[in-house]
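Below is one structure; the comments refer to it alone.
The values are calculated or read from the model by the stated rules, or taken from the named source; none is laboratory data. Computed from a prediction, not measured in an experiment: that's the story for all the values here. When we count neighbours, we look across all protein chains shown, and the Cβ atoms used for this are built from the backbone with ideal geometry, even at glycine. Keep in mind that these areas ignore ligands, DNA and RNA; they rest on the heavy atoms of the full protein, side chains included. Shrake-Rupley method; radii C 1.70, N 1.55, O 1.52, S 1.80 Å.
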Amino acid sequence: MSDFPETRAAEPEEAGTGSSSRRRFLATAGVAAVAAALAGCKNLSLEEFVQRNFREVSKDELKTIIARLEKEYAAKFGKKVTVGLEPPLPGVLFGYALDLSRCIGCRRCVYGCVKENNQSRDPQIQWIRVLQMDKEAGVDIQHADPYYNPELVPQEGHFYMPVQCHQCKNPPCVKVCPVGATWQEPDGITVVDYNWCIGCRYCMAACPYGARHFNWGAPHLPPEEINPATHYLGNRPRSKGVVEKCTFCIQRVRNGRYPACVEVCPTGTRKFGNLLDPQSEIRYILENKRVFLFKEDLNTQPKFFYFYGV
Amino acid sequence: MADRKRTAASAAGGFAVLGAACLLATGLAFGPSGAQEPPKAPAPQDEGAPQDIQVPAPPFTEGIFPCTQCHDGKTVKLNTTRRKLVDMHDDIVLQHGPASRWCLDCHDPQDRDKLRLASGERIEFSRSYLLCGQCHGDKFRDWRVGVHGKRTGEWNGKKQYLLCVHCHYPHAPHFKPIKPLPPPVRPETLRGEKGAQP
Ligand code: SF4
C-alpha cells in the first residue's frame, strides 16, 4: 500500500523527462527517416524528392525538371530522350471509335502501343487488352477470354473487343486519387504525373475498364527498344511503384498525328479525331453508325466508342 | 408534270429552311468554344478519292504492269470468249461475286492498262475504288469519309489512305486470317526481379 503513493508521486517527474526525451528522439528519428527515405531511393535525387505536382510548378521550374529528366534518361538509356510538354490544342476534344465488326483480334495494336509508349517489357505491362467473345453470347465480360492463342485469327464463331482507357468525361479514377496525381486535361485526356503518384492503386480499383497498370517491379525497357520521343504526361520512362495508362498517345496526337494503335491496325478498325469538328471521321461515325458505350450504366461517359461499321 | 415540279421545288425550299436551322443549332452548340476554330479535317469530296489524301500506287504483282507488254493486240490477240485460262494467269482463282463473272467484266478489253466501269468508262488502276464502288456503294461511301479502311498520318491534316485492293485481293477479296501476336502473360506468372531498384 505504501509503495503506491510513492510510485504515483514519482510519476510526473519521470514523465517529464520521458516526454522531453521522446521529443528529442522523434526529432532525431525524423531526420533519420528523411535520410533513410533518400537513401532508400537510391536513384532519387533531392530535386526529385522535393518536386511538386506538375500542375503547380512554374514554367521555369518545369524547364529544370525536364532538363533533369532528360539527363537521367540519357544516362540510363545511353541515348538522347526528349521529354515534351506540348499543351492541349484549343477547340479540341479527343474521341476514339473502334469498329467491332472489323477487329480480327490480331493484337498488332497491343504491341504497337507497347513499342510507342515505352511500357515495361518485363514485368509485362500492356495498355490494350483484346477480349475474345462468342458471337452467340454477344458482349459478355464474364466469359471473355484475353488469353486466346490459336494458329490464325479471326476464329469461327468469335468476335474481338479490344479494351483500353476510355478517357471518361466523368473519370472515377481521378475522383479517388488521394493526392491529385491524375487528372483530366482540357482536350479530354486523363494523365498521370508519375513523379507525384504514390502508388496506392485506388485508381486501379476505381477503373471499371481495367485500364490502369501498376509497375510492381522495376520496369525493364531495353535501351535499343526505347522510343526517345516522349511527353512528360505520356510515354516517358516510368519507375517502380507508379501507375500508368493509355493517353491516346498524347505525344503524337498533340502534334496532330494519329495514335500508334490506329496506324498499326491492319484492318482499319480504329478511328480517332476531334469530337468538336463536325467534319471529322469520329463525328461521322457518331452520327451515322450504330454506336455503343461499354458499361454505359456506370455513367463514366467514355470518349471511347464501339461501333458496327459493317 | 407541272404539279410534280412544284412539289419538288417546295420540298427543296423546306430542306433549305431545315439546313439553316441545323447551321444555327451547330453554331449555338459550338459557340462557346468557337473563340478559336477547331482544326478542320479535310471535307469529303462527292466523287472519287477523298480530298488531300495520298493513295499509294496499286499493289501489282511484280513485273506484270503494264499489261500491254503482252496484251498489245499483236503478241496476244483479243479473245472475248469466256473460258478457263490455261497458258497464263492460271494462278488466279476467281472467288468474287457470281460464277458468271470473269476477267473482262473489270479489265478493259481494248486497253489492258485500264479498268472498265459498267458504264463503259475506262479508268486507271489507281482509281480502282470507282470500280469496287459500283457494287459496294455503302463501303465506298464509308471509305471516302475515312470510316472504312485504314488511314495514317495526321488526324487534322495530311493523311495517307489505302486502295480497296491493298487489303482485299480483288480476285478473292475476303480478308485472309493471320497469326495473332502472343497473348498477355498471366498475372500469376508475372515476376519482377527481386529487390530490383527503380
Ligand atoms: S490491331 Fe486491329 S484488328 Fe488487330 S486486334 Fe487490334 S484492333 Fe483488332
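Annotations
- Among A:115, A:245, A:79: highest mean-square fluctuation, GNM of chain A, C-alpha pairs under 10 Å: A:79
- Pairwise burial B:A, computed as accessible area of each alone minus the pair, summed, 1.4 Å, Å²: 4500 Å²
- Put simply, segment B:56-154 fits an ellipsoid with semi-axes of 27, 16, 14 Å; these come from the alpha carbon gyration tensor as the roots of five times its eigenvalues, largest first.
- With R₀ fixed at 41 Å, the C-beta to C-beta distance from residue A:121 to residue A:156 puts the FRET efficiency at about 0.80.
- If you take the Cα centroid of segment A:197-275 and the Cα centroid of segment B:90-139, the two points sit 44 Å apart.
- Shielding by partners, peptide A:250-256 (average Cβ within 10 angstrom, other chains): 2
- Mean-square fluctuations from a GNM of chain A, with a 10 angstrom spring cutoff on Cα atoms, peak among A:195, A:288, A:118 at A:288.
- Among A:170, A:242, A:299 the positive-end extreme of the charge dipole of segment A:62-310 (Cβ point charges): A:242
- When both bridge partners sit in chain A, DSSP labels roughly 75% of those beta bridges antiparallel.
- Computed from backbone phi with θ = phi - 60° and the Karplus coefficients 6.51, -1.76 and 1.60, the 3J(HN,Hα) list for segment B:135-141 is 9, 9, x, 5, 5, 4, 4 Hz; x is used for glycine and proline.
- Chain A: most fluctuating residue of A:87, A:228, A:208 per GNM, C-alpha cutoff 10 Å: A:87
- Note on segment A:62-310: the alpha carbon radius of gyration divided by the globular reference 2.2 N^0.38 Å gives 1.00.
- Extension gain, residue B:62 back to residue B:188 (0.36 nm per residue minus Cα-Cα distance, nm): 40.4 nm
- In chain A, the portion of solvent-accessible area held by carbon and sulfur atoms comes to 57 percent [1.4 Å probe, whole percent, DNA, RNA and ligands not counted].
- Prolate/oblate/rounded call for segment B:121-163, Cα gyration tensor, a/c under 1.5 rounded: oblate
- Dipole of segment B:53-167, positive end: most advanced residue of B:104, B:86, B:143 [Cβ charges, Cα centre]: B:143
- Per residue, segment B:53-167 exposes 61 Å² of accessible surface when a 1.4 Å probe is rolled over the protein heavy atoms with every protein chain present.
- Per residue of A:149-161, other chain Cβ atoms within 10 Å of the residue Cβ number 2 on average.
- Shielding value for A:266-277 is 5, the average number of Cβ atoms from other chains within 10 Å of each residue's Cβ.
- Membrane-span-like helices of chain A, defined as complete DSSP H segments with a Cα extent of 15 Å or more along the helix axis and a mean Kyte hydropathy of at least 1.0, are absent.
- Residue-averaged [θ]222 nm for chain A, counting only DSSP H segments that reach four residues, each worth -39500 (n - 2.57): -9500 deg cm²/dmol
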